[in-house]
Amino acid sequence: MECLRSNCSDIFDVFYKYCDIISERNPSNMKESLSLLLRSIDERRRARDTTLGDIVRLMPCLNLSDDSQFNCFYDFVFFICRENGQKSIAVHRALSAWKIVLHGRFRLLDQWCDFVQKHQKHNISEDTWQQLLAFSRCVREDLGGYDPKGAWPVLIDDFVEHMHRTIEIAGCSENKSMCCSISNTFSGLNLLPG
Amino acid sequence: MSGQSKKKPFKIEAYKHRVEVDPKYADRTWAVIEHAINEIYNHNASGLSFEELYRNAYNMVLYKFGERQYNGLVSTVTRHLRDMGKAIESAQGSFLDELNRKWSDHTKSMQMIRDVLMYMDRTYIPTNHKTPVYELGLNLWRDHIIHSAKIQTRLVDMLLEQIHRERMGEVINRGLMRSVTKMLTELGSSVYQEVFEKSFLDVSASFYSGESQQYIEVYNCSNYLRMAEKRINEEVERVSHYLDSKTEPKITAVVEKELVETHMHRLVHMENSGLIPMLVGNMYEDLNCMYNLFKRVPSGLNLIKDVMASHLKETGKQLVTDPDRLKDPVDFIQRLLDMREKYNEIITKSFHNDKAFQNALNASFEYFININNRSPEFISLFVDDALRKGVKGASDDDVDQVLDRVLVLFRYLQEKDVFEKYYKQHLAKRLLSAKSVSEEAERGMILKLKTECGYQFTSKLEGMFNDIKTSQDTMLGFYNSPYGNDMADMPAITVQILTTGSWPTQNINTCILPAEIVIVCEKFKAYYLGTHNGRRLTWQTNMGHADLKATFGKGQKHELNVSTYQMCVLMLFNSADRLTYREIEQATDIPGPDLKRCLQSLACVRGKNVLRKEPMSRDISEDDAFLFNDKFTSKLVKVKIGTVVAQKETEPEKMETRQRVEEDRKPQIEAAIVRVMKSRRVLDHNSIVTEVTNQLQARFLPNPVVIKKRIESLIEREFLERDKADRRLYRYMA
């Protein structure tokens, strides 16, 4: 119990430090402070990786219905998911994190995770991570609101194309369609660790 | 009278007297003039005195009887015209003749009358705003003759009938027609237009509409076009002969519309004789005819151009996607060249070298050449062929011409960097095997590419030439040095030193060279490294060739021209008569596929089989054994043993080249993005894509998705960032 609380306050601590650094708006300093912060996390994490658990614990304590607060939190999640000073995060990590933080916020979350799981081999870059939030906010379930010329990362473009294709196939086989795409998304879920 | 008034200007009687005389005088004088007018109309003018009449007319005006005289003139002339009208209506012979005769009578009479009434013309008429005498005569003629219902319709019908007859090939009296139309124009252009021209145009329209309907059913395109051209010329000629010149644009417009515009789609697409058969059959004259005719109507040329372009695209696409054609790259390119030549010829000869057509031709070629992604390779192979074959009697000028033509195709390529890759490979082969037609031609080609694509494009190619040049000097130096001095009884060697990076990268497959050669190589290596410090030499044994002297069974001596690999194999037979495949493989360490090819050309080619294979068969298997063939004979002293070379790239090689090209493009795209962003600082995504494409399209057409990936990579490496407020904007990070 003690341990849990310390952990919890720990992640709080990191989050507020992060927010402080971000809000300072001094790029050169910011980068340095961030990498310092990350290194300290890395060190602590070496014993046991609890990042995802930390995020889950952190969430209820924040006012995430506020958009700007959520933005900051979302960026923070990417930040603490980084490992060993890398700029990008591994696909499986990104997927788990997305499932936690975008739950209930992104209608196509399941389809997205399924797609990334199957087709993305490289790590997820910060740009892709950030743009997905913007994408989740403007896209509708029927893929309306997506502008092919909207400078989305290639992964998102590919995702939309993939969705269009599945819809088309679904359209061909009419009734079976919905079941098919839904079962697909769920099978994707099962593969995930945790 | 004037004397009186002068003497007593104030005397009232004189005035009274004149007033008294007035009515009588006017009647009397007018009677004289009226009589004269009648006489003039009756062709009896010779008995009249002009002076007397003139004086009378003068006095009439002077005594304020101008109005009387004018009205009298109108009524008298009108009367005569009524008579004339009746005469014309009841003309027994030719109506037009009669009309014309009466017209000339009338104008002549009016001229005389005008002379007589000149004073009135000058004074009374301008002050009272009346119509001058002669013009009055014309107006009266117009109103009483031309506008008379009986005459007008008949006149127009007659004229149109004459014209119709002429159109049907009859000879008509053009002089008469000319006089009559001239009459109408003299009555005012509105008279000509309303009375004649309007119905003329209507009738012509319906005539040609009918004729074209009829002809289009029976004539083929070429004949129809000629007919239409003839008809237009006829109409132009008709106008020049007997119609008002202002009618020309109108009537040609009518004919053009009826004969050409209405039917142009049908004409162009006519089966067996439309535009496409003409293009296919190089019918320059017919095409020229079509061009000239269609030029006259709106969007006519566009129609020809579009049909030509789509035909070009279609045939071009067929050509470049025909798997049979892909077997022979030289023939493939030659066909493209011929096709371009053909259409170029057509445009020059038949389409007046029209820029729009040239552009359509270029656009079509660009379209279909790039459908086949092997085009760059094939163009390079074609150049390779031209620069190799030149030896067979073609002069430098000829070669130059071929190269110029092929360069036109090169311009159409979107993937010029792929061409560069292949060109480099082919050039390397030519230079190393010294099979190039002439250095001049090679340099000429490089110069052309340089002017086309800039210095960057050719710098490496030029580096290759320089290597060859320096190698020659190096070899001279080597043989003059102590290292190369005592080589009299050793094999002569020529080394070409190639700079890494300038030449196409080769997988280095070193083989074990014969001991004799190794000694020489070592000597050279010692010399070279002695003169050039810090360099590294690697032997590219897969690219060399050698001349061997061989003595066969009956003592006949031959010189064998072979590749380095083949030399290695043959030298083994100096100490053995029979070697198995595995023994050879072990002794030479030549990679399997290469060894098989080289053994095949040594043992399986008739006339060049210096080795004998056990068992005899066409293909080399790993269990075969090889023997020295001492029964070998050949008429030639020098025997050239070629290697079975795969000239065209095989599928995996192709993939590899493609991949290499894609890899090479990445830094180029990134550099372009950075260049653009450095100058613009902030730019939206689509503008970057456009600008980068513009910058690079001289070399290749970058794929937008690839550009996007490069942008993402640059964001990750913190060259760029997204704008915080608008995520579509990128910001350059200095």
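The values are calculated or read from the model by the stated rules, or taken from the named source; none is laboratory data. The shown structure was predicted, so the numbers you read here are calculated from the model rather than taken from an experiment. A quick note on method: Cβ atoms are made from the backbone with ideal geometry, for glycine too, and the neighbour counts reach across all protein chains shown. These accessible areas exclude ligands, DNA and RNA; they are computed on the full protein's heavy atoms, side chains included. Shrake-Rupley method; radii C 1.70, N 1.55, O 1.52, S 1.80 Å.
For the pair B:D398 and B:N370, what calculated FRET efficiency results from E = 1/(1 + (r/R0)^6), where r is the Cβ-Cβ distance and R0 = 25 Å, to the nearest 0.05?
Numbers: r = 29 Å, r/R0 = 1.14.
Efficiency for this residue pair is about 0.30.
Please get the size of the charge dipole for the protein assembly as shown, origin at its Cα centre, with Cβ charges of +1 on Lys and Arg and -1 on Asp and Glu, quoted in debye to the nearest 20. Please report the intermediate quantities before stating the final value.
Working: 129 positive and 128 negative charges, 308 e Å.
Roughly 1480 debye for the protein assembly as shown.
Per residue, what accessible area does segment B:212-292 have, given a 1.4 Å probe and all protein chains present, in Å²?
Ligands and nucleic acids excluded, the result is 47 Å² per residue.
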| request: Quick one: which residues, 5 or more positions from B:S563 or on another chain, have an amide H under 5 Å from its amide H? H modelled 1.01 Å from N in the peptide plane, none for Pro or chain starts. | output: B:A546
| query | Can you work out the FRET efficiency for the pair B:V637 and B:A526, with r the C-beta to C-beta distance and R0 = 51 Å, to the nearest 0.05? | reply | 0.90
| remark: Contact-by-burial set, segment B:695-719, min loss 30 Å², accessible area of protein heavy atoms with 1.4 Å probe, reference chain alone, gives B:K708, B:E712, B:E716, B:E718
| query | For segment B:148-154, in order, what is each residue's ³J(HN,Hα) by Karplus, 6.51 cos²θ - 1.76 cosθ + 1.60 with θ = phi - 60°, in whole Hz (x at glycine and Pro)? | reply | 5, 3, 5, 7, 4, 4, 5
| remark: Cα extents of segment A:91-180 along the principal axes, largest first, in whole Å, come to 38, 27, 25
| field | Listed residue (B:S190, B:I216, B:A205) projecting farthest to the positive dipole end of segment B:187-267, Cβ model | value | B:I216
| note | Note on segment B:251-291: alpha-carbon gyration tensor, axes a ≥ b ≥ c; rule is a/c under 1.5 for rounded, else prolate if a/b larger than b/c, else oblate; result oblate
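For the interface of chains B and A, what total accessible area is buried with a 1.4 Å probe, rounded to the nearest 100 Å²? Provide the component values of the computation, followed by the final result.
Working: alone 38800 and 11600 Å², together 49060 Å².
That pair hides around 1300 Å² of surface in total.
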| query | Where nothing but the Cβ of Lys and Arg (+1) and of Asp and Glu (-1) is charged, how large is the charge dipole of chain B around its Cα centre, in debye to the nearest 20? | reply | 1600
| query | So what is the accessible area of segment B:461-590 per residue, in Å², with the probe set to 1.4 Å? | reply | 56
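Give me the percent of Cα-Cα pairs in segment B:195-296 that sit more than 21 Å apart, rounded to a whole number.
Details: 1729 of 5151 pairs.
So the portion of pairs separated by more than 21 Å is 34 percent.
Considering only Cα-Cα distances, which of the following residue pairs are longer than 18 Å: B:K429/B:K557; B:K523/B:K640; B:K421/B:K450; B:K557/B:K640? Don't skip to the answer; put the middle values down first.
Numbers: B:K429/B:K557 30 Å; B:K523/B:K640 28 Å; B:K421/B:K450 15 Å; B:K557/B:K640 14 Å.
Checking Cα-Cα distances, B:K429/B:K557; B:K523/B:K640 exceed 18 Å.
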| request: List the trypsin sites (Lys or Arg not before Pro) within segment A:117-175 that fall in a DSSP loop (any state other than H, G, I, E or B) and whose Cβ has at most 11 other Cβ atoms within 10 Å. | output: A:K121, A:R140, A:K149
| request: Over 20 Å between C-alpha atoms is what I'm after, so list which of B:K108/B:K182; B:K86/B:K130; B:K416/B:K654; B:K305/B:K355; B:K554/B:K638 land there. | output: B:K86/B:K130
| Pairs of lysine in segment B:185-303 with Cα under 20 Å and at least 8 positions apart or on different chains: total? | 9
| field | Dipole magnitude (debye, nearest 20) for segment B:81-220, charges at Cβ of Lys, Arg, Asp, Glu | value | 500
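Counting only protein heavy atoms and using a 1.4 Å probe, what share of the accessible area of the protein assembly as shown belongs to carbon plus sulfur, as a whole percent? Don't jump to the answer; show the numbers that get you there.
Working: 24930 of 49060 Å².
Answer for the protein assembly as shown is 51 percent, counting heavy atoms of protein chains only.
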